[in-house]
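Okay, structure first, notes after.
The values are calculated or read from the model by the stated rules, or taken from the named source; none is laboratory data. Keep in mind the model is a prediction, meaning the values are calculated, not measured. Here the Cβ positions follow ideal geometry from the backbone for every residue, glycine too, while neighbour counts run over all protein chains shown. Protein only, heavy atoms only, side chains kept; ligands, DNA and RNA dropped before computing areas. Shrake-Rupley method; radii C 1.70, N 1.55, O 1.52, S 1.80 Å.
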Amino acid sequence: MAEEIINRVATSKLVVFDLEDYYPKGERILFDIKDWLYEGFVLREKEFRALVKEHDWSQYQDALVALTCTTDAIVPDWAYMLLSIQLAPFSKTTVLGDLETLETALYQDIITNLDINTFKDKPVIIKGCSKKPVPSSAYIMITNKLKPVAKSIMFGEACSSVPLFKR
């Protein structure tokens, strides 16, 4: 008679933490101000303020916005501040940087406010594969957040994990 196959992963106390489960919903928008600069390089205050005033900011309703300039222009801080003031009533989040900076800021907020009591004294595996753009920095943030409470931390999948920490 054949011996019954037991799934030891399913019966273990191992807790899988998947950063993708916390991926914030919302349209990501890269707002590049290069087109608002003279020849893509010079910010002329009067023209810039006119563009800001005329722009339809409502199109960013509930969006996650990254403000950037993809040329080598020297953009004064007040320009980004002015844009963020206009976006504030509409966007969920506004950051200065590229889309990866945006994802990092979103995850930083989520992980900072995450209740980790459910992971106390448990072996935790941080799932490594994701279909969504989870930034590498989020893995570091969650590792540092879990370290004080978790019994152990591993990375990967239950069938092939890399041990990182054991208390």
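Being touching a Cys at 6+ places or on another chain (Cβ under 7 Å) and of a type in the set (D, E, K, R), is that true of even one residue in segment 34-44? Scanning segment 34-44 turns up at least one residue that is touching a Cys at 6+ places or on another chain (Cβ under 7 Å) and of a type in the set (D, E, K, R).
Does segment 85-111 hold any residues that are closer than 19 Å to Glu47 by Cβ and among the polar types (S, T, N, Q), and which are they?
Residues of segment 85-111 closer than 19 Å to Glu47 by Cβ: 85-86.
Passing the criteria: only Gln86.
Taken over segment 39-58, residues that are free of Cβ contacts under 8 Å to residues at least 12 places away in the same chain and open to solvent by 100 Å² or more (accessible area, probe 1.4 Å) amount to 5.
Tell me, yes or no, whether segment 90-98 has at least one residue that is open to solvent by less than 30 Å² (accessible area, probe 1.4 Å) and of a type in the set (Ser, Thr, Tyr). The answer is yes, given that some residue of segment 90-98 is open to solvent by less than 30 Å² (accessible area, probe 1.4 Å) and of a type in the set (Ser, Thr, Tyr). Taking every residue in segment 17-32 that is touching a residue at least 40 places away in the same chain (Cβ under 8 Å) and more than 23 Å from Met141 (Cα to Cα) and pairing it with any residue that is open to solvent by 20 Å² or more (accessible area, probe 1.4 Å) and polar (S, T, N, Q), at least 6 positions away or on another chain, the pairs with Cβ-Cβ distances below 8 Å are Leu30/Thr68; Phe31/Thr68. Residues satisfying the criterion are present in segment 100-119 (criterion: out of contact with any strand residue (DSSP E or B) (no Cβ under 9 Å at 6 or more places or on another chain), aromatic (Phe, Trp, Tyr) and at pLDDT 95 or above).
Going by what's in this entry, would Asp72 be described as on the phi > 0 side of the Ramachandran plot and assigned to a loop (DSSP other than H, G, I, E, B)? Reasoning before the result, please.
Numbers: on the phi > 0 side of the Ramachandran plot: no; assigned to a loop (DSSP other than H, G, I, E, B): yes.
No: the conditions fail for Asp72.
Taken together, the criteria exclude Val124 from residues that are under 21 Å from Asp98 (Cβ atoms) and either touching a residue at least 40 places away in the same chain (Cβ under 8 Å) or open to solvent by less than 90 Å² (accessible area, probe 1.4 Å) (or both).
Pairs meeting the criteria (first residue in segment 80-98 and small (Gly, Ala, Ser), second residue open to solvent by less than 60 Å² (accessible area, probe 1.4 Å) and part of a helix (DSSP H, G or I), beta carbons under 6 Å, at least 6 apart or on different chains) are Ser91/Tyr60.
Being part of a helix (DSSP H, G or I) and not hydroxyl-bearing (Ser, Thr, Tyr), is that true of even one residue in segment 124-139? Yes, there is a match, as at least one residue in segment 124-139 is part of a helix (DSSP H, G or I) and not hydroxyl-bearing (Ser, Thr, Tyr).
Please determine, by comparing only the residues of segment 107-147 that are among the small types (Gly, Ala, Ser) and in contact with a Leu (Cβ under 9 Å, 6 or more places away or on another chain), which one is nearest to Leu164 (Cα to Cα). Per the criteria, the residue is Ala138.
Could you look through segment 140-167, keep only residues that are open to solvent by 50 Å² or more (accessible area, probe 1.4 Å) and assigned to a helix (DSSP H, G or I), and pick out the one that is nearest to Leu114 (Cα to Cα)? It comes out as Lys145. Applying the criterion of at least 2 residues that are at pLDDT 95 or above and touching a Leu at 6+ places or on another chain (Cβ under 7 Å) to the strands (runs of 3 or more DSSP E) found wholly in segment 1-69 leaves 28-32, 64-68.
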